[in-house]
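Contents: one structure, followed by commentary.
Just so it is clear, none of the values below were taken in a lab; they were calculated from the coordinates. All of these numbers come straight from a predicted model, not from anything done at the bench. Here the Cβ is made from the backbone with ideal geometry for all residues, glycine too, and neighbour counts use every protein chain on show.
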Amino acid sequence: MPTDAEDVGRADGGRAGSRGDPGPAPGAGDPANAGSSGPESSGLRDIPGARDAEHRATPDPDTAARLGAQIRALRKARGLTLARVASATGLSHPFLSQVERGIHQPSLGSLRRIAVALETSPIELIAAADPPAARGVRVEVLRAGEGAVPEGFSSGTARMLAHGARGFHPLEVDVSRADPGELFVHAEGEFLYALSGAVRVELDGVVHALAPGDSTFYAGGVAHRWWTLDDAPARLLVVKETVRR
């Protein structure tokens, strides 16, 4: 299954994403308008501070189908047309249609733009691509090293800590970036717990320092971003509410 071409690029630094961001010219950087795929350029900009992915994995049909179904459901819940999402993301209408049908799997940069247009976060979309929990299972145990997010999304920088439909999405995220990056806003609340390293978290313009053992919660609608000090690695437990429809 083909993937999309080189990411359309980062949004302007320091600007919170919101529905209707114009982004680059519609159709730039997707397979409907580019002849070949390029290397990933922006990585997990949407999981603030996460390390850039070095390459994509071969798309899995089931993963692409689950991701596409989630994107379609969120778009309809927000009352948006494909044309509106195409305008907001700079991705073409035909490409987005193929993503929703599971024919194409978006790159990380494109996934970020789609998440911004749908007023959610890439964590929510990544979680949708996670295999569902077995029916009737009430207890789940994941061992260290299990639950890695599909490589096409994170190249090992994040790990899902629970599978299937939940009222929340818990992830373990490795952070290694001193650049604060861009602000991000989504509709659901998020909880951070610092496992190791020193992290800076900006919440609605106020910067907070988190050391191991520190935590923070911010409600939906709070503009936020995370980064580390001097590129020293850090690890966070991130728990995000599911999308409320």
Within segment 168-184, track down each residue that is among the aliphatic types (A, V, I, L, M) and surrounded by fewer than 19 Cβ atoms within 10 Å (Cβ to Cβ). ALA178
Inspect all residues belonging to segment 119-128 and state whether any of them is surrounded by 22 or more Cβ atoms within 10 Å (Cβ to Cβ) and either polar (S, T, N, Q) or part of a loop (DSSP other than H, G, I, E, B) (or both). yes
Being within 15 Å of GLU119 (Cβ to Cβ), hydrophobic (A, V, I, L, M, F, W, C) and in a loop (DSSP other than H, G, I, E, B) is the filter here, so list the residues in segment 67-108 that pass it. LEU80
Can you tell me which residues in segment 221-245 are surrounded by fewer than 16 Cβ atoms within 10 Å (Cβ to Cβ) and not hydrophobic (A, V, I, L, M, F, W, C)? GLY221, ASP230, ASP231, PRO233, THR242, ARG244, ARG245
